[in-house]
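Presented below is the structure to which this report refers.
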Amino acid sequence: MNLDALAELHRLDRARLRMSRVSNILQWDQETYLPPEAVEGRADQLADIEGVAHQRAVDPRIGTLLESLGSTSSAPAGDGSLPALERDFLRVLRHDYDRATKLPQDLVEEMARDAGLSQAAWVAARKADDFASFSPHLRKMVSHARRKAQCWGFVQNPYDGLLDQHEPGMTEGRIASLFDPLAERLRSLLKRISAAPAPEASVLGREFPVSDQADEGRAIMEDLRFDLGRGRLDLSAHPFTTTLGDQDVRITTRYFPRNMASGFFSVVHETGHALYELGFPQELRGSCLADGASMGIHESQSRLWENVIGRSRAFWLGRFPRLAQRYRGILDDVDAESFYRAINAVKPSLIRVDADEVTYSLHVILRFNLERRLFSGDLEVDDLPAAWRAGMRELLGVEPDTDADGVLQDVHWSMGAFGYFPSYALGNLYGLQFWSTLVQDLPDIEELLRRGDFSRPLDWLRDRVHRLGRRRTPEELIQEVSGRPLSADFFVDYLERKYADLYRL
Ligand code: ZN
């Protein structure tokens with residue numbers, strides 16, 4: 001066993017992680033406090049720091065040391081002589097190192113330049129509702145993504161190579177086997193819901209003072225046991241979570257006077273991400289293992305707290321009296337049950353980020369279906385707007401009048417981020433499958449939520465999910481926690497139960 005080589009490899013990994021977090025600090029500041037005149041200077045600082053971070057990630061000494069420890073692209077965990085924790089370390093570092101080094105420098109630079117132009121073109125195209133002005137850029141980003149997948153390698157088709165970046169081990173075929181039946185059951189549920197009388201939800205559009213909303217935001221994150229000694233909540237245009245150090249996880253939100261639910265649930269969602277990041281054990285901290293098992297697993301944590309807990313009846317039976325107290329004069333004529341119904345109203349809409357729990361995954365499935373066809377050669381970029389409208393009609397029963405509200409609504413494709421959307425819906429599936437085991441282990445969970453005792457579910461998640469960081473692939477983790485391979489059944493069963501009750505189906 002070559003202990004010197006292993007120690008050196010850990011040192012290089014920590015150095016790499018440190019620099020990427022310095023970059024996170026600069027980005028966090030840019031989104032929260034940076035004065036407008038400083039934006040240009042910040043872009044130069046970021047470019048420099050990201051250059052250094054990239055150099056550290058592709059340091060050839062990492063490759064040499066991995067090899068000396070028996071870790072290769074085909075046998076990433078080494079020869080088996082090391083303890084399990086170190087074998088996991090080698091496997092994940094090899095994965096990251098291969099991802100970072102297999103792309104030629106000229107492709108990386110070309111992609112970065114074109115992504116900048118493409119994003120700017122997207123902003124203008126969306127504003128002018130002019131897809132044609134954006135399509136040449138999008139074609140270029142698709143072709144870059146194809147080349148990227150070729151460099152990384154893939155199971156059957158280039159799209160698999162792109163998916164693996166966000167969901168290690170996931171393939172198009174596996175996702176289709178989950179999403180196709182999911183779409184069928186969600187559409188049928190949506191049809192039944194749409195035929196039932198809609199709940200009264202206008203209470204959410206009343207005016208709630210932003211300063212009270214900010215107090216409530218801080219209160220809920222602390223109630224959920226976000227440790228303010230190891231993080232902060234700030235304001236930004238778009239809510240996000242970022243890790244700035246081993247003991248420093250930041251979240252952001254924004255508040256709208258006439259949409260109180262948006263700010264509240266953003267805080268709960270981002271707190272879910274942050275609790276995961278803060279839950280990695282000491283033995284993983286400062287290494288590549290101290291991260292989410294995948295983007296979808298990360299999303300499972302945020303969505304569990306936001307939807308399964310935060311939009312549950314038990315949660316609001318306990319919390320609503322305090323909320324009504326805070327918003328005296330605004331919520332006096334509302335009770336817990338009608339508030340619970342209002343925050344769970346279902347309405348097919350054009351925009352994914354505003355979607356409810358039932359329709360959200362359908363938005364994601366639309367994008368997955370378009371992406372897989374783009375990369376199989378079955379769909380051309382120029383045909384996207386029409387395919388989008390047809391997909392919306394089929395899946396959600398609504399159709400945008402403009403491309404701005406249709407194919408141009410999300411920024412991701414303009415940046416070349418393909419294979420990223422499925423993680424959003426996979427997060428729902430992972431989350432409910434974890435939850436199915438949690439409720440067996442904590443049969444009094446509803447009572448706990450009613451009492452506002454969130455420490456038991458959090459401790460359970462820490463023990464079963466957070467503790468492992470990236471030591472398992474998503475499929476391994478789900479198998480280990482639930483004893484079954486990933487399935488859409490837990491998620492749809494949950495929705496069918498919840499909405500049959502809510503809409504008296
Ligand atoms: Zn999220």
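The values are calculated or read from the model by the stated rules, or taken from the named source; none is laboratory data. Source: prediction; values computed, not measured. Positions of Cβ are backbone-derived with ideal geometry, glycine not excepted, and every protein chain shown enters the neighbour counts.
Can you pull out every residue in the stretch 194-218 that is in contact with a Lys or Arg (Cβ under 9 Å, 6 or more places away or on another chain), in contact (Cβ under 8 Å) with a residue 60 or more places away in the chain and in a helix (DSSP H, G or I)?
Ser194, Leu204, Asp212, Asp215, Glu216, listed by residue number.
Filtering the stretch 403-458 down to residues that are within 16 Å of the ligand (Cβ to nearest atom) and small (Gly, Ala, Ser), which residue is farthest from Trp316 (Cα to Cα)?
So, considering only residues that are within 16 Å of the ligand (Cβ to nearest atom) and small (Gly, Ala, Ser), the one farthest from Trp316 (Cα to Cα) is Ala417.
Which pairs have Cβ atoms under 8 Å, sit 6 or more apart or on different chains, and link a residue in the stretch 403-429 that is over 19 Å from Val381 (Cβ atoms) to one that is within 13 Å of the ligand (Cβ to nearest atom) and among the β-branched types (Val, Ile, Thr)?
That search, which allows pairs on different chains as well, returns Pro422/Val364; Tyr424/Val364; Ala425/Val364; Gly427/Ile297.
Could you check the stretch 234-255 and list, in sequence order, the residues that are in a strand (DSSP E or B), in contact with a Ser or Thr (Cβ under 7 Å, 6 or more places away or on another chain) and free of Cβ contacts under 8 Å to residues at least 40 places away in the same chain?
Within the stretch 234-255, Val249, Ile251, Thr253 meet the criteria.
Given the conditions (1) among the polar types (S, T, N, Q); (2) closer than 25 Å to Trp316 by Cβ; (3) touching a residue at least 60 places away in the same chain (Cβ under 8 Å), and given that Ser266 satisfies all but one, which numbered condition is not satisfied?
Every listed condition holds for Ser266 apart from (3).
Looking at (1) of a type outside the set (A, V, I, L, M); (2) assigned to a helix (DSSP H, G or I); (3) closer than 30 Å to Asp96 by Cβ, can you tell me which one Gly169 breaks?
Condition (2) is where Gly169 drops out.
So, in the stretch 280-310, of the ones that are surrounded by fewer than 20 Cβ atoms within 10 Å (Cβ to Cβ) and not in a helix (DSSP H, G or I), which residue ends up nearest to the ligand (Cβ to nearest atom)?
Among those residues, the one meeting the criterion is Asp291.
Looking only at the stretch 150-165, how many residues end up being closer than 21 Å to Tyr424 by Cα and of a type in the set (A, V, I, L, M)?
Residues meeting the conditions: 2.
Only residues that are assigned to a loop (DSSP other than H, G, I, E, B) and either surrounded by fewer than 19 Cβ atoms within 10 Å (Cβ to Cβ) or of a type in the set (Val, Ile, Thr) (or both): list them for the stretch 455-470, please.
Val465, the sole residue that qualifies.
In this structure, does Gly431 turn out to be modelled with pLDDT of 95 or more, in a helix (DSSP H, G or I), closer than 30 Å to Arg126 by Cβ and not hydroxyl-bearing (Ser, Thr, Tyr)?
No, not satisfied.
Just the residues that are surrounded by 15 or more Cβ atoms within 10 Å (Cβ to Cβ) and either over 22 Å from Gly169 (Cα atoms) or within 29 Å of the chain's Cα centre (by Cα) (or both), please, taken from the stretch 69-92.
Selection gives Leu69, Pro76, Ala77, Leu82, Glu86, Arg87, Asp88, Phe89, Leu90, Arg91, Val92.
Residues being under 16 Å from Pro348 (Cα atoms) and either surrounded by 14 or more Cβ atoms within 10 Å (Cβ to Cβ) or within 21 Å of the chain's Cα centre (by Cα) (or both): count how many of those fall in the stretch 167-191.
6
Which condition from (1) under 23 Å from Arg464 (Cβ atoms); (2) away from the ligand (no atom under 16 Å from the Cβ) is the one that Thr271 breaks?
Every condition holds for Thr271 apart from (2).
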